[in-house]
Each structure stands twice: as structure tokens, then as C-alpha cells.
Amino acid sequence: ATVCGSDVETVRGHRPASTPLVLGHEQVGRVIALGRGGAKTTDGKRVALGERVVWSAAVPCGRCARCRRGVPQQCVSLQKYGHERMRRGWELSGGFATHTHILDGTPLVAVPEHLPAEVLAPASCPTATVAAALEAAATIVPLDGALVVIAGAGMLGLTAAAMATEAGAKVVVSDPLPERRDAALLFGAIAVADPGAAPGSRSGLPHALASSGGRASAPSIALELSGAESALRSLLSVVDVGGVLVLAGSVSPGSDLPVVPEVLVRHLLTIRGVHNYAPRHLEEAVRFLAEAGTKYPFAQQVGAVFPLAEVDAALASGGFPRVAVRP
């Protein structure tokens, strides 16, 4: 199981949670028992004992109005691994444990044996979320040939850079930390920018976009994956006419975003929000990792692996996009 930033925020008290609970929602495991009637993966295949799987961070009911109209990720009775208060019958509800009890209806995807657990565990959070964000963008602007700007080079941003690159896009990544900008280049970015650079600086976003090549230096797709309000304003100022801005990093309350309606109208802009993901996005995440998970240094983004007894140290550890817990 890998440690997500939301796990850390919960422990610090910056994110509300009902306790007691078992944290952890990014994990890969092996099936050791099946309930009556067994289980199936999202592609309809029966799950076998010993099979290696990842599972969705959330469990939709499949029956409510939202599920029926195709947004199960916002099911009215959504349950989330690593987020729910412990209850009788579902005590093992998170990844920071020796075992996890997978509820009926949870989207399950079988995963390759050859891929390291460090690569696969984040599939159920950042990788699937990025798959959802890129799908949201691609319904407005095709990824192939597009110039994409990404704000944030944490696990979401690095994953987005690699996935967009594999889809044929040219990617520019903006992040204030030099080590994260260096990492973005390893994940397919053709240029990087420092959002704190002085106006006109060669390390700023305008120069990075101008040096990205091609006839247009204005991105048609912008992905906000950092949650920083300044990044939202910056992306709105650079996205091209007819472009799309996808927000997936703003998951905590913040200040209002000033948007001038005239700019939206005259520039034909689309702003889309992405939160959680549908089962197909988890499938896409695993498919991407199976094909390109070792092409990019995903495993190296997990800086340390802690035994379960040292989960507190794992939650306090920093300096890498992810650390892991291995029971």
C-alpha cells in the first residue's frame, strides 16, 4: 500500500474523518478467500484464489440515479476504502493492514505478475484519477498532437505527463520544486517551468510554452493537479481558444476562483472538474501501467518501504511523491 497525501492530511487533522478507521486506499493484493458466489473483475472474468488484483478506492451502489446515469464515482451512498469509520462486518476497510475486506460491488481489476507492487499500488488513486482527467479533456480536445500544460509534478502530475505523452501529446509541466521539474522530464515532459519565476524569465511558463515547438505555443489542454489557487489563475491565462481546463487537484476548500464570463464566452473555453473515477478508468490505469509502467521511473517515486509496524513513520516521511507500507 502506498501513502497518499490525503492519508497524511487525515492524520494531521486537516481532513475530517470519523474514527476509528483503517487508512490506506492505494494498494495491490492477492486474493486469499472468496465469499459465497465468488467475485468478478470489471471485464466479467471470475476471480481466482491467489489472483493478484487492484481495486477501486470507492464502492458505488450501482442502483442510484447517479450510478444509472453514468457517474458512479459520485454515487449517493459511495463508500471509500481508507475513509470510512470502522463498523461491524467491515473492520478491515483500508490498505494499511495485513488484509483488506473487499465489499461486494467493488470494481476489481487483475494485474500482471511482473510489475512491481510499487508501480501497481497507486493505480487505484493517482493513475485512475489521471485516466479520468485525460478522458474529460479528450472529449473536448483530442490528446494526439495537443499541447498540454500540467500544473503540479507530484504523483498526479508525473502520471499525467507520462499518460498524455503516450497518447501523442506534447507536455509542459509547471512546479515550484526543481527536483519535481527534473522528474517531470523523465516522465515525458518536453519542457518544465517554475511558477515562481520572475516575469520574462527563461524558467517561467511563457518561455517553456514558447520553446515547446510547433505552430502554436498556447496549450489547448490544461490540467490543474496541484490544488494551488495561483496555478488555477495561471492556467486560465494561458489556455488557448477552444481549449479545456480540467481541475482535479482542488479537493479541499479554498478561495473562490475569479472567472470572467466574457473570457469563457469569447475564448470558447471549457472548465471541467474531476473527482474520483469510474471503473473504466481503473481498467485504463492498469492497461497503461502494464504497457508503460516500466518505461517511466514509477517504482523510483516510492522513496521508502516501511513494515506495517512502522506505519506512523511512513505517514511522517516526506521527500518523495510516495512511500509505501508492506505488511
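The values are calculated or read from the model by the stated rules, or taken from the named source; none is laboratory data. Since the model is a prediction, treat every value here as computed from it, not as a measurement. Virtual Cβ from ideal backbone geometry, glycine too; neighbours counted across all protein chains shown. These area figures cover heavy atoms from the full protein model, side chains too; ligands, DNA and RNA do not enter into them. Shrake-Rupley method; radii C 1.70, N 1.55, O 1.52, S 1.80 Å.
A few notes on this one:
- The loop-placed trypsin sites (Lys or Arg not before Pro) in region 231-300, going by DSSP, that have at most 15 neighbouring Cβ atoms within 10 Å of their Cβ come out as K295.
- Choice from E135, E51, E26 with maximal GNM fluctuation in the chain (Cα, 10 Å cutoff): E51
- Shape of region 12-136, Cα gyration tensor, a/c cut at 1.5: rounded
- L185-H207 pseudo-label distance in nm [points 7 Å out on the Cα-to-Cβ vector]: 1.4
- Extension gain, V263 back to T139 (0.36 nm per residue minus Cα-Cα distance, nm): 42.6 nm
- A 1.4 Å probe run over region 217-277, with the rest of the protein chains in place, finds 52 Å² accessible per residue.
- Rounded, prolate or oblate (a/c below 1.5 giving rounded, otherwise prolate when a/b exceeds b/c) for region 135-260 by Cα gyration tensor: rounded
- Taking the chain and dividing mean pair separation by its residue count, relative contact order in percent (alpha carbons under 8 Å, at least six apart): 19
- Given their separation in residues at 0.36 nm each and the Cα-Cα distance between them, Q300 and V47 gain 88.1 nm when the chain is fully extended.
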